[in-house]
Amino acid sequence: MNYEFRSGQELCRLCREHSLPISEIMLRNEMEQSESPREMILAEMRENLAVMRSSISAGLNVRNIPRGLITGGDAIKLAAFAEKSNMGASLARIVASSMAVVETNKAMGRIVAAPTAGAGGILPAVLIECGGNQRGFDDDALVQGLFTAGAIGCIVAENASIAGASGGCQAETGTAAAMSAGALAELCGADPETVLHAAAIAIKNCLGLVCDPVAGLVECPCIKRNAIGAVNAILSCDMALAGITSLIPFDEVVEAMQGVSHLMSKELRETAKGGLAATDTAKRITEDLKAGKIKPRDHRLGEAVDSKMLKL
């Protein structure tokens with residue numbers, strides 16, 4: 001039986017025909033494409049979930065703070081501030097978790113690209129911290145969420161781009177937010193159409209976002225954009241669950257993203273020649289890096305950091 005799909009419309013048709021959620025259609029599609037048994041694919045996805053969880057923990061470890069060349073320790077700072085946060089402690093912890101993954105990545109730790117390393121913090125934070133730790137979904141449910149996210153990511157990759165070099169940051173954090181919003185929506189009981197409304201809203205919220213890494217590093221502004229991406233995903237999910245629909249269908253939103261990508265100049269697509277990367281401060285940082293004047297930052301946090309607040 002053929003479970004192949006290339007668009008949101010085709011995916012929803014398969015869901016209706018087989019009375020199955022997106023996650024199950026994606027799993028069966030993977031079984032067909034890889035010619036692998038169900039349990040093997042599920043085991044691989046459970047391993048991905050475990051790596052995601054460990055990357056959050058590593059990024060929030062006050063005893064071994066992840067350090068990059070120009071940033072480090074911001075996830076821990078936000079987690080420590082969570083109880084005082086204006087957005088509320090729950091959302092602050094989700095955001096801190098998203099930053100933690102990218103900080104683990106820049107410190108050469110192991111993460112899961114979801115869909116890329118630079119945007120790899122959004123999906124783990126939304127699924128594990130929000131869906132698992134705060135909403136109580138078990139690992140079996142979270143694994144299904146990963147399949148839903150994968151289906152959305154596949155459609156974007158097929159019809160637009162998931163790479164900053166070709167599509168700007170909208171292609172990376174935008175896709176990651178769409179994957180996360182859709183995955184969380186299905187976990188919360190949404191039907192396939194609602195799942196894709198959540199994904200469409202997430203992409204629309206960051207349409208046109210440029211990729212402008214300072215000094216070509218996946219640190220600034222990438223880490224903070226993962227933070228915004230996690231909030232975008234949860235907001236988009238909640239809007240869809242509340243019955244708010246995307247006026248522009250998911251497939252057309254993806255098509256629009258691809259069109260915007262083509263309109264972007266190369267300086268705004270991961271070349272480190274435009275946007276924030278072209279500011280005076282960024283240029284100075286780049287020159288200092290080339291001259292060997294900048295070493296990995298040694299972040300020392302004082303008593304304000306309470307390790308009890310950082311448990312996942």
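The values are calculated or read from the model by the stated rules, or taken from the named source; none is laboratory data. Here the structure is a predicted model, which means the values were calculated and not measured. Cβ sites come from the backbone with ideal geometry, for glycine too, and all protein chains shown count toward neighbours.
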> On the given criteria, is Gln170 at pLDDT 95 or above and either farther than 19 Å from Phe250 by Cα or not in a helix (DSSP H, G or I) (or both)?
Replying inline: no
> Going through the stretch 48-81 one residue at a time, which ones are among the β-branched types (Val, Ile, Thr) and assigned to a helix (DSSP H, G or I)?
Replying inline: Val51, Ile56, Ile76
> Among the residues of the stretch 1-47, how many are in a helix (DSSP H, G or I) and hydroxyl-bearing (Ser, Thr, Tyr)?
Replying inline: 2
> Which members of the stretch 33-58 meet the condition of being free of Cβ contacts under 8 Å to residues at least 60 places away in the same chain and under 21 Å from the mean Cα position of the chain (by Cα)?
Replying inline: Glu44, Glu47, Ala50, Ser54, Ala58
>> When you check Ile223 against the structure, is it in contact with a Leu (Cβ under 8 Å, 6 or more places away or on another chain) and farther than 30 Å from Ser7 by Cβ, yes or no?
In response: no
>> Tell me the residue from Ser236, Ser180, Ser161 that is on the phi < 0 side of the Ramachandran plot and part of a loop (DSSP other than H, G, I, E, B), please.
In response: Ser161
> Would you call Glu219 of a type in the set (Asp, Glu) and buried (at least 18 other Cβ atoms within 10 Å of the Cβ)?
Replying inline: yes
> Can you name every residue in the stretch 110-132 that is part of a helix (DSSP H, G or I), in contact (Cβ under 8 Å) with a residue 24 or more places away in the chain and either small (Gly, Ala, Ser) or under 16 Å from Val51 (Cα atoms) (or both)?
Replying inline: Ile122, Leu123, Pro124, Ala125, Val126, Leu127, Ile128, Glu129, Gly131
> Of the residues that sit in the stretch 231-271 and are small (Gly, Ala, Ser) and either touching an Asp or Glu at 6+ places or on another chain (Cβ under 7 Å) or within 16 Å of Met179 (Cβ to Cβ) (or both), which one is surrounded by the fewest Cβ atoms within 10 Å (Cβ to Cβ)?
Replying inline: Ser246
> Which one of these does Val218 not meet: (1) of a type in the set (A, V, I, L, M); (2) part of a helix (DSSP H, G or I); (3) under 17 Å from the mean Cα position of the chain (by Cα)?
Replying inline: (2)
